[in-house]
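**Student:** Structure below; questions to follow.
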Amino acid sequence: MVDKEKIREAVEMILEAIGEDPDREGLLETPDRVARMYEDIFSGLHKDPSDDLQIYFSEEHEELVLVKDISFYSMCEHHLLPFYGKAHVGYIPKSGKVTGLSKLARVVDSFAKRPQLQERLTSQIADLIMENIDARGVIVVIEAEHMCMTMRGVRKPGSFTTTSAVRGVLYQDQAVRAEALKLIKG
Ligand SMILES: Nc1nc2c(ncn2[C@@H]2O[C@H](COP(=O)(O)OP(=O)(O)OP(=O)(O)O)[C@@H](O)[C@H]2O)c(=O)[nH]1
Ligand SMILES: [Zn+2]
């Protein structure tokens with residue numbers, strides 16, 4: 001689990017290091033607030049995302065299931081600044097089994113709530129769904145804004161990064177992939 005006492009100490013040290021007074025009234029509770037916040041935004045480190053996919057329904061649907069515009073917030077592992085945006089997650093079921101739609105969004109959250117890279121977030125979601133649902137194919141597209149590129153560094157607000165990961169029949173069959181991409185963009 002998250003070591004909140006250690007986070008409290010570290011935040012107090014950062015406040016001192018930037019030349020602040022951690023004992024002034026407005027900052028007294030800050031180390032504890034940050035510890036509670038990190039417990040939430042890094043909670044994915046202490047979860048097994050495959051637990052989210054244990055719910056199945058029997059349904060003979062063997063074409064695309066796509067959940068679009070799943071909003072997410074993650075933390076860039078280089079700067080510990082947020083990156084956030086939308087994930088689009090689709091899969092093609094087989095053997096008469098589909099999973100709960102909300103479970104796809106839960107998988108996004110479980111992987112997002114860690115120090116991350118956008119590319120890794122994208123492929124981890126695709127691989128987990130491919131392995132845990134008996135899927136014929138998976139497509140994940142993520143569009144995100146990185147605060148490490150907007151409020152600091154190169155300072156390019158409005159720039160968005162798109163990453164995709166495709167697996168199985170969605171990788172092999174260009175027509176199936178094109179149809180999925182059209183639905184994602186439309
Ligand atoms: N590939 C990838 N790069 C990322 C992601 N998030 C942040 N970065 C980049 O990580 C790089 C870290 O570069 P460094 O040169 O080590 O760090 P820096 O001096 O702070 O770099 P600048 O951001 O260019 O100021 C930067 O180019 C960031 O834009 C991500 O999700 N994926
Ligand atoms: Zn960054």
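The values are calculated or read from the model by the stated rules, or taken from the named source; none is laboratory data. All of these numbers come straight from a predicted model, not from anything done at the bench. Ideal geometry is used to build each Cβ from the backbone, glycine not excepted, and the neighbour counts take in all protein chains shown. All accessible areas refer to the heavy atoms of the entire protein, side chains included, with ligands and DNA or RNA removed. Shrake-Rupley method; radii C 1.70, N 1.55, O 1.52, S 1.80 Å.
**Student:** Could you identify which residue out of VAL107, VAL89, VAL169 has the top mean-square fluctuation in a GNM of the chain using Cα springs shorter than 10 Å?
**Tutor:** In this elastic network of the chain, the residue with the biggest mean-square fluctuation among VAL107, VAL89, VAL169 is VAL169.
**Student:** Under the definition of Cα pairs under 8 Å and six or more residues apart, what whole-number percent is the relative contact order of the chain?
**Tutor:** 20
**Student:** Continuing with this model, one more query. Quantify, in whole percent, the carbon and sulfur part of the accessible surface of the chain (1.4 Å probe; protein heavy atoms only). Write out the running numbers ahead of the final one.
**Tutor:** Values: 5460 of 10530 Å².
Answer for the chain: carbon and sulfur cover 52 percent of the accessible area.
**Student:** With runs of 4+ DSSP H residues as the only contributors, calculate the mean residue ellipticity of the chain at 222 nm using -39,500 (n - 2.57) per run, divided by the residue total and rounded to the nearest 500. Don't jump to the answer; show the numbers that get you there.
**Tutor:** Values: 7 runs with 73 residues, N = 186.
Result for the chain, helices only: -11500 deg cm²/dmol.
**Student:** Let me ask another. Loop-only check: which trypsin sites (Lys or Arg not before Pro) in region 121-186 are DSSP coil with at most 15 other Cβ within 10 angstrom? Provide the component values of the computation, followed by the final result.
**Tutor:** Working: sites: ARG136, ARG152, ARG155, ARG167, ARG177, LYS182, LYS185; in loops: ARG152, ARG155.
Those that pass, being in a loop and sparsely packed, are ARG152, ARG155.
**Student:** While we're looking at this one, here's another question. Taking the Cα of MET1, stepping 7 Å toward and past its beta carbon, and measuring to each backbone N in region 11-43: which are under 16 Å?
**Tutor:** 35-43
**Student:** While we're on this one: Could you give P(r) for region 66-122, binned at 5 Å from zero, as whole percent values over all Cα-Cα pairs?
**Tutor:** Once binned at 5 Å, the Cα pair distances of region 66-122 give 4, 18, 28, 21, 13, 9, 5, 2, 1.
**Student:** Also, I was wondering about something else. Suppose accessible area is computed on protein heavy atoms with a 1.4 Å probe; arrange MET147, MET13 from highest to lowest.
**Tutor:** Numbers: MET147 50, MET13 125 Å².
Result of the area sort, largest leading: MET13, MET147.
**Student:** Binned at 10 Å from 0, what are the whole-percent values of the Cα-Cα distance distribution for region 1-108, short to long?
**Tutor:** With a bin width of 10 Å, the distribution comes to 12, 30, 25, 17, 11, 5, 1.
**Student:** Kindly report the accessible area of region 45-155 per residue (heavy atoms of protein chains, probe 1.4 Å, no ligands, DNA or RNA), in Å².
**Tutor:** Details: 5200 Å² over 111 residues.
Heavy-atom accessible area per residue stands at 47 Å².
**Student:** While we're on this one: Could you give the length gained on full extension between LEU80 and MET13, defined as 0.36 nm per residue of separation minus the Cα-Cα distance, in nm? Display every interim value, and only then the final one.
**Tutor:** Values: separation 67, 0.36 × 67 = 24.12 nm, distance 1.66 nm.
Using 0.36 nm per residue and subtracting the Cα-Cα distance, I get 22.5 nm.
**Student:** Could you give the spread of the C-alpha atoms of the chain along their three principal axes, from largest to smallest, in whole angstroms?
**Tutor:** 62, 36, 20
**Student:** Further question on the same structure: Using protein chains only and a probe of 1.4 angstrom, how many square angstrom of HIS61 are accessible, to the nearest 10?
**Tutor:** It works out to around 70 Å².
**Student:** What pairs from LYS94/LYS185; LYS4/LYS113; LYS86/LYS182; LYS68/LYS103; LYS4/LYS156 go past 23 Å between their alpha carbons?
**Tutor:** LYS94/LYS185; LYS4/LYS156
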